[in-house]
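Undergrad: Before I ask anything, here is the structure I am working with.
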Amino acid sequence: MITILQDKNYTIDLSKPLDISMPLRASKTNANAWYIEEPKIEPVVLGKWIASVKKGASVNFNNIAFNPHAHGTHTECVGHITETFYSINKCLKRFMFTAEVITVAPEIKGDDRIISKKQVQFLLPRKTP
């Protein structure tokens, strides 16, 4: 597939995507921001039936409780900082974008880990047109 964005041609092979998402794990090793507990992934329990193959069920059927802002990758929109709820799915009309992906190791500041504006500016220097 050939796409033209900002007067540049790009060849895209949609059969070879690059997954940059973070896996969700019910573990303290999962990404855990804002000092909240790790995600919870637990089998559904209906009476005596526990939806876990390990517990004798024919299927694994889990409830998952997590916070997208603290436990993994997500798409952000203005609804994160406004009183009104907005959904990115209702606002987004285009689905293919160019992006620059960077890896930032958080700085340790006291008991916290932060990503500073300085780090991002270093990794994404302003490009002049």
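Read the figures in this text as sums done on the coordinates, not as results from a lab. These figures come from a predicted structure and were not determined experimentally. Glycine gets a Cβ as well: all are built from the backbone with ideal geometry, and neighbour counts include every protein chain shown.
Undergrad: Just to verify a result, which residue in region 68-86, among those that are touching a helix residue (DSSP H, G or I) at 6+ places or on another chain (Cβ under 7 Å) and loosely packed, with under 10 Cβ neighbours inside 10 Å, is nearest to E38 (Cα to Cα)?
TA: Out of the qualifying residues, it is T75.
Undergrad: Quick check on my filter: what residues within region 18-32 are surrounded by fewer than 12 Cβ atoms within 10 Å (Cβ to Cβ) and of a type outside the set (S, T, N, Q)?
TA: L18, D19, I20, P23, K28
Undergrad: Which condition breaks for R94 when tested against (1) within 17 Å of the chain's Cα centre (by Cα); (2) loosely packed, with under 13 Cβ neighbours inside 10 Å; (3) basic (K, R)?
TA: (1)
This table checks each residue for (1) farther than 21 Å from D19 by Cβ; (2) touching a residue at least 40 places away in the same chain (Cβ under 8 Å); (3) of a type in the set (K, R).
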{"position": "A65", "(1), (2), (3)": "yes, no, no"}
{"position": "H74", "(1), (2), (3)": "no, no, no"}
{"position": "T84", "(1), (2), (3)": "yes, no, no"}
{"position": "C91", "(1), (2), (3)": "yes, no, no"}
{"position": "R126", "(1), (2), (3)": "yes, no, yes"}
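Undergrad: Now for a different question. Taking into account only those residues within region 103-122 that are in a loop (DSSP other than H, G, I, E, B) and either loosely packed, with under 10 Cβ neighbours inside 10 Å or of a type in the set (G, A, S) (or both), which is farthest from the chain's Cα centre (by Cα)?
TA: Selected residue: G110.
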